[in-house]
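*Asks:* This is the structure I have questions about; it appears just below.
The values are calculated or read from the model by the stated rules, or taken from the named source; none is laboratory data. On a predicted model such as this, the values are computed, not experimentally measured, just so you know. Neighbour counts are summed over all protein chains in view; Cβ atoms, including those assigned to glycine, are modelled from backbone coordinates with ideal geometry.
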Amino acid sequence: MTNANFKSFIGRLILAAAVLLSTVSNAQIPISSGDPNQALMNEPVDISGDFRNFSNTYYLADSLGKFDPATGKGEIVYGRYEYVTRMAFDNILGGLQSVPANEFPGIEYAGAPSLPFSVEFVSPRTIRIRARTGTEVGPDQPSLMLANGTAPQDKSSWKYSKTTDGHRYTGPFGSVTITQNPWHIEIRDNAGKLLTSTNHNRDNAGKTFTPVLPFSFVRRAADYSRSISAAWSLSPDEKIFGCGESFTNFNKRGSKVVLWTDDSNGVMNETMYKPIPFFMSSRGYGMFMHTSSPITCDFGKYIASVMSLMIGDEALDLFVFLGDPKDILDEYTNLTGKSPMPPLWSFGFWMSRITYFSETDGRKVAADLRRYKIPADVIHFDTGWFETDWRCDYEFAASRFDDPAKMISDLKDQGFHISLWQLPYFVPKNRLFPEILEKKLYVRNNKGNLPYEDAVLDFSNPATLDWYREKIGNLLKLGVGAIKVDFGEAAPANGLFASGRTGFYEHNLYPLRYNKVVSDLTQEIHGERIIWARSAWAGSQRYPLHWGGDAANTDNAMAASLRGGLSFGLSGFSFWSHDIGGFVQKTPESLYRRWAAFGLLLSHSRAHGAPPKEPWEYSPEFLELFREADNLRYRLMPYIYAQAKDCSERGLPMVRALFVEYPKDPGSWLVDNEYLLGSDLLVAPLFEEGESRQVYLPPGQWIDYQSHLTYTGVGTRSGPVRSRSWCSCAAAPLYPISNWRKRPRTWTGAGWS
Amino acid sequence: MDWSRLELMVFGNADKASGLVYLPGGDKVQAVSVVKRKGKYQVEGDPFRGKVRMEVKGAE
């Protein structure tokens, strides 16, 4: 292929990719304006409508039935309600009204059932609350979300006492009180301050004209399936954070958040590649909703005083964690697993674009990285390494790669690890498509057929795992360092899986299974925990790492990327990256200059997206600034590496919200446009063109990393911006710095030499 | 990158500063402290027992 032909070929492929992405993007309807008559494939499932439906029956938690203090097990007595309307002065409200049972024969079914619930203790800081809505088949199964499959039990830290109207368990960091009638669970800190309490009908009736659904479950008229709404009180000034890589408001108070893995097609909308059913409150507690079913959280959006955790599952399994943000993250990741340390080379710079197509491309970018003195440890081949762009068959294109093994080996000798893109969906033209169908390795729809035109691998099927492991294993054994675990958000919602469950439970679990199989295999073959994944669910943090999806090349997308990264870090994930410069188009140089200074100060740094992304393809001034920012990263490598290890041991994020380090500082809870890299390096990216920005400084003394000017917090400073972002160090800490020098004569990489 | 030679950069002018160091292949993160003696920072204790040469620099 001549150079001119090659460029034309790239142009056509990029154009094709752009059309594809544009089509998908235009098809997306925001979930807030979803119309049931315009359902589109793989739209997020928002179950909140089921909790305000005049056909359904509602069971409101009313009083405590029997209770055994020794085991913490008892029963909740529920009352039966339905929605009715009331009109007054040209206004109609829909509210709940107690109703009698309607079943026949009446003696066969409970009109107001008593159903099991329990309070257990996992650790001195962690409480487990469970409630059933009916008969459950079989004992607990090991959970993929939990680090060891099951939750431990702490039978010694919590002491029981009888109260005048119920029961109390007191531990070293707080207490749990269960009241008899009305039924409540109250969570307090060790000073006795009420952190939150379940909402009972009597908390609302007569006290507000606004109809409120209290702690309850719904039985749908359509199929008699049931789901719980765990309603808890919110307090004035309380703030909520987490829920995964959420790009919308950092503080979720006042928001409705749908937890359903979705190909967000961007980073500025409300759907998420990586929803996580965990959040923390500024009031000193966190909650983990242990389920893979769809969840809708209303954090005081409908009414400011109540958060409603509407959980699709037919049982509630809720973990409550007590403490400051660091305690909560440590406890949550004790339960669901901490992020292990990725290999040292992965902390170096990753050079990528969509896409390098050939061995020639790979060798050229390697040579250019060294020629232009851009420190880098990884070269990523995206969608173009197959014979047909995007058509993943796990084979290097024979027409464009003379000897993949030798290429990988040669590049390794030059200090580069190779990363390869792939995905778990197979188009009908893929040569593997017939085999996947013949061996029944795909997810079926509820009629037993293919749900989509694509075949989607069923990772709950052991035979699929064997088949997939062989494909990925061959690449890793060839010398590939990391696999890009792309997509994974589109497991059919109504699909039938080999696990025996439907997409109702398997859709959100799909990313976790997908992350796990590639990470485990990489660990087995290379002894290293490294993948590059887009989708995630609770527990995926055990399989680092994840990047932020397809950001637009705009200031707003850059700012939203940080909000997503901060929220993701507050959801148990230590490591995170994003496409430096944005993904969709060629990055404007002015934006790329600012974004590089931001993106090179994350746990992991990769420039990726529509070409060109290579810094030498921009102006000489840009190349020098990029080189400077990249060299700063390598000079800081001992700091980054030590902080990363500390994060992996404590469940802390590398990209850290200020309030994690400064929980007593009210201002730190409000900041979503700057972050701490590790514990001490404050980074304030420049999200707009200009020479300065306002920077909020937490308490203490702060020193500009480059100018060494000293500032004293608390407060907002308007300071000059160097290297297109503002870095400042908390005073008194010690920074281990490498002896890295710009423009080294010989490449030694991030590794030990 | 030569991990047997590290610079320890102190920000501010406190009499004592501490930070974390983790070496490739190491078992755990090590806390490293420096104290100011006669106007110069010196490493207090050496968790690496001479394996790593640590040069302390101030950034006042």
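*Asks:* Determine, yes or no, whether B:Lys57 is more than 7 Å from every other protein chain (Cβ to nearest Cβ) and either surrounded by fewer than 16 Cβ atoms within 10 Å (Cβ to Cβ) or outside any strand (DSSP E or B) (or both).
*Replies:* Values: more than 7 Å from every other protein chain (Cβ to nearest Cβ): yes; either surrounded by fewer than 16 Cβ atoms within 10 Å (Cβ to Cβ) or outside any strand (DSSP E or B) (or both): yes.
Yes; evaluated as a whole, the condition is true for this residue.
*Asks:* (1) more than 14 Å from chain B (Cβ to nearest Cβ); (2) crowded, with 24+ Cβ neighbours inside 10 Å: which one isn't true of A:Glu617, the others all being true?
*Replies:* It is condition (2) that A:Glu617 fails.
*Asks:* Scan region A:366-375 for residues that are surrounded by fewer than 23 Cβ atoms within 10 Å (Cβ to Cβ) and either closer than 27 Å to A:Asp520 by Cβ or of a type outside the set (D, E, K, R) (or both) and jot them down.
*Replies:* To start, the set of residues in region A:366-375 that are surrounded by fewer than 23 Cβ atoms within 10 Å (Cβ to Cβ) comprises A:366-368, A:370-374.
A:Ala366, A:Ala367, A:Tyr372, A:Ile374 - these are the residues of region A:366-375 that are surrounded by fewer than 23 Cβ atoms within 10 Å (Cβ to Cβ) and either closer than 27 Å to A:Asp520 by Cβ or of a type outside the set (D, E, K, R) (or both).
*Asks:* Go through region A:697-713 and give me each residue that's closer than 17 Å to A:Pro685 by Cα and crowded, with 16+ Cβ neighbours inside 10 Å. Can you show your working first?
*Replies:* So in region A:697-713, the residues closer than 17 Å to A:Pro685 by Cα come out as A:697-698, A:702-707.
Within region A:697-713, A:Leu697, A:Pro698, A:Trp702, A:Ile703, A:Asp704, A:Tyr705 meet the criteria.
*Asks:* Considering only residues that are surrounded by fewer than 17 Cβ atoms within 10 Å (Cβ to Cβ) and either assigned to a strand (DSSP E or B) or more than 7 Å from chain A (Cβ to nearest Cβ) (or both), which ones fall in region B:1-24?
*Replies:* Matches in region B:1-24: B:Ser4, B:Arg5, B:Asn13, B:Asp15, B:Lys16, B:Ser18.
*Asks:* Being touching an Asp or Glu at 6+ places or on another chain (Cβ under 8 Å), touching a residue at least 40 places away in the same chain (Cβ under 8 Å), within 23 Å of A:His507 (Cβ to Cβ) and acidic (Asp, Glu) narrows it down to one residue among A:Asp550, A:Asp555; which is it? Don't jump to the end; show me each part of the working.
*Replies:* Working: A:Asp555 fails: within 23 Å of A:His507 (Cβ to Cβ).
A:Asp550 is the lone residue from the list that is touching an Asp or Glu at 6+ places or on another chain (Cβ under 8 Å), touching a residue at least 40 places away in the same chain (Cβ under 8 Å), within 23 Å of A:His507 (Cβ to Cβ) and acidic (Asp, Glu).
*Asks:* Here's a follow-up. Would you check if there is a residue in region B:44-53 being closer than 17 Å to A:Ile737 by Cα, part of a strand (DSSP E or B) and more than 8 Å from chain A (Cβ to nearest Cβ)?
*Replies:* yes
*Asks:* If a residue must be part of a helix (DSSP H, G or I) and among the polar types (S, T, N, Q), how many such residues does region A:600-639 contain? Working first, answer last.
*Replies:* If we filter region A:600-639 for residues that are part of a helix (DSSP H, G or I), which is where we start, we get A:615-617, A:620-635, A:637-639.
Filter once more, so that each one left must be among the polar types (S, T, N, Q): A:631.
Residues flagged as part of a helix (DSSP H, G or I) and among the polar types (S, T, N, Q) within region A:600-639 amount to 1.
*Asks:* Failed condition for A:Ile10, given (1) at pLDDT 65 or above; (2) crowded, with 16+ Cβ neighbours inside 10 Å, with all others met?
*Replies:* (1)
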